[in-house]
Amino acid sequence: MRLILIIILMIIFVALQISLAPIISVIGIEPNLILIFIFFVAFSFGQTYGIWIGFFSGFLCDIFNSTHFGLNMGLFLIIGFIIGSLKERFYKENIFIEIIIFAITLLLYEIIYMLLLWQFSIGVFFFNILRYSIPNICYSTIICLILFSLLRKVPVLVTRH
Amino acid sequence: MVKKQRIINMSSLNFWGFILLLLLSIFSYSAKENLKLGIVKNISAAMLFPLEKTINFTVNTFSLHKKNSELRKEIALISLEIQRCENIKRENKILRELYGFKPMMDFNLIPCEIIGKNPGLYNKSLIIDGGFEDNIDKNMAVISADGLVGKIIETTQKSSEVLTLYNINSFVSAIDLRSRVPGIIKWKRERFLIFDDVPLHSDIKVGDTLLTSGMGGVFPKGIFIGKVIKVQESPKEIVMRITIQPFFDFNLLEEVFVITEGTNTSLISLSKTDTVRVSMINLDMFKKIKETQNFYISFSENKKPKINLLKNINH
């Protein structure tokens, strides 16, 4: 039951990223809804869920992108794996720890993505970090707080420690 | 708060599953050009696109009434503009023939529905429901009713991938409609596009319209791209920073048109079917042109054939 719900939610989140994220963008910054979902699943249900949901979310993002096919697949897989491992180390009593880990994850994702696609000078790279990545982290973190509290209200998605 | 455990347990099944999937991702990335994912793409599109459409429809419904009245007004204006353009087009055609210029091409458009959108942060692309079965090929330009959308970068039998202007790999050669200043349209992950490589103090103003320049051979000349919304000049830089708002809205796109080879109704090449018409031209003229290939035949408004010799022929 839980697995089916998570798969349905994964498809919904990818669709939301495609259609809703640009509409709710602020000063050109779109929240990374897919990463929020992968983080939620991996942090709540551990490594196995993190790996598979990370891989298939990345696959759905990359399938319509032949120029960088496999990039999101790999990155989301790594994120799912590492965040899934952290589930065993941190209790989820403190939402702020979760949010801080999410912000760090998103920053690392943005930096690695830009490095892998390297098409910028160093100046533009740092400009992109300040102009896009940092505001994106702030915006996505706020959305993350809202979505986490919503997702945790779904009984099937509540985990016991 | 923190349990003392190793983050990575190398003996676990998860770890080896992770390694396997990571290798698969790396393989996919390195062999992306050779992978054939036509069926998988169609399945994914079928899964995602109805959902996207529903979300877009729900969001758009709120602004439907306002948009409807705006569109009615726009249709009235466009109808007037089309009538005016038809007259100008006819005049232009006659003048080009008088000057001996090669007549402008009329575009062949293949309508396609969008069946998937890539949400990438750096590479927004589309999947459309037309493939090489519909004579769609790589590097064909794709437009919407509003303007240029992008070009085809991959085709399968029944679907194709469109590299949109919102992609860091997209570069379009463009010119300013008013001042004819050339430049390159790029995207650097901002909300809008930029018109790059324009030297400082060039004649670009807010509100100017940009068109494809036809350079590079991919995009036909004269397709509308967008409008200049901001012009910045800094003495420290050698080029202007010009922000462009494209005429098409990525989120609202539902169908696009692929431009295949242009057709030309007035410039006719010699073929067996045209022999009868050629023979209608007087005999002296036919003898004169017989020795050379440097001519073309055009048809005037009343369908009478006319032979046009190129000027450098000495007879």
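The values are calculated or read from the model by the stated rules, or taken from the named source; none is laboratory data. Keep in mind it's a predicted model, so treat the numbers as computed, not measured. Here the Cβ positions follow ideal geometry from the backbone for every residue, glycine too, while neighbour counts run over all protein chains shown. These area figures cover heavy atoms from the full protein model, side chains too; ligands, DNA and RNA do not enter into them. Shrake-Rupley method; radii C 1.70, N 1.55, O 1.52, S 1.80 Å.
In this structure, is residue A:9 more than 16 Å from residue A:87 (Cβ to Cβ), more than 11 Å from every other protein chain (Cβ to nearest Cβ) and either open to solvent by 10 Å² or more (accessible area, probe 1.4 Å) or in a helix (DSSP H, G or I) (or both)? Talk me through it step by step, then tell me what you get.
Working: more than 16 Å from residue A:87 (Cβ to Cβ): yes; more than 11 Å from every other protein chain (Cβ to nearest Cβ): yes; either open to solvent by 10 Å² or more (accessible area, probe 1.4 Å) or in a helix (DSSP H, G or I) (or both): yes.
Yes.
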Original post:
List the pairs whose first member sits in segment B:145-166 and is closer than 12 Å to residue B:116 by Cβ, whose second member is acidic (Asp, Glu), and whose Cβ atoms are under 7 Å apart, counting only residues at least 6 apart or on separate chains?
Top reply: B:159/B:129; B:160/B:154; B:161/B:154
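Within segment A:75-83, identify whether any single residue is within 23 Å of residue B:16 (Cα to Cα), assigned to a helix (DSSP H, G or I) and modelled with pLDDT under 90, and answer yes or no. Walk me through it before giving the result.
If we filter segment A:75-83 for residues that are within 23 Å of residue B:16 (Cα to Cα), which is where we start, we get A:75-83.
So of that shortlist, the ones also assigned to a helix (DSSP H, G or I) come out as A:75-83.
When the remaining residues are screened for being modelled with pLDDT under 90, the result is none.
The answer is no, given that none of the residues of segment A:75-83 is within 23 Å of residue B:16 (Cα to Cα), assigned to a helix (DSSP H, G or I) and modelled with pLDDT under 90.
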Original post:
Just one of B:31, B:76 is closer than 30 Å to residue A:67 by Cβ and hydrophobic (A, V, I, L, M, F, W, C); which is it?
Top reply: B:31
Subject >> Number of the condition not met by residue A:152 [criteria: (1) open to solvent by less than 20 Å² (accessible area, probe 1.4 Å); (2) of a type outside the set (A, V, I, L, M, F, W, C); (3) closer than 14 Å to residue A:43 by Cα] >> reply: (1)
Subject >> Output for segment A:1-41, where each listed residue is at pLDDT 90 or above and over 16 Å from the mean Cα position of the chain (by Cα) >> reply: A:4, A:5, A:8
Subject >> Lone unmet requirement of (1) loosely packed, with under 12 Cβ neighbours inside 10 Å; (2) modelled with pLDDT under 80 for residue B:88 >> reply: (2)
Subject >> Leading residue by the ranking (nearest to the other protein chains (Cβ to nearest Cβ)) among those in segment A:19-39 that are open to solvent by less than 10 Å² (accessible area, probe 1.4 Å) and farther than 12 Å from residue A:143 by Cα >> reply: A:19
Subject >> Members of segment B:218-248 that are free of Cβ contacts under 8 Å to residues at least 40 places away in the same chain and open to solvent by 70 Å² or more (accessible area, probe 1.4 Å) >> reply: B:221, B:227, B:230, B:232, B:233, B:235, B:236, B:237, B:238
Original post:
Can you tell me which residues in segment A:80-89 are under 19 Å from residue B:23 (Cα atoms) and surrounded by fewer than 24 Cβ atoms within 10 Å (Cβ to Cβ)?
Top reply: A:82
Original post:
When residues of segment B:159-189 are filtered for being in a loop (DSSP other than H, G, I, E, B) and away from chain A (no Cβ under 14 Å), how many remain?
Top reply: 5
Original post:
Given (1) within 30 Å of residue B:165 (Cβ to Cβ); (2) among the small types (Gly, Ala, Ser); (3) more than 7 Å from chain B (Cβ to nearest Cβ), where does residue A:42 come up short, assuming only one miss?
Top reply: (1)
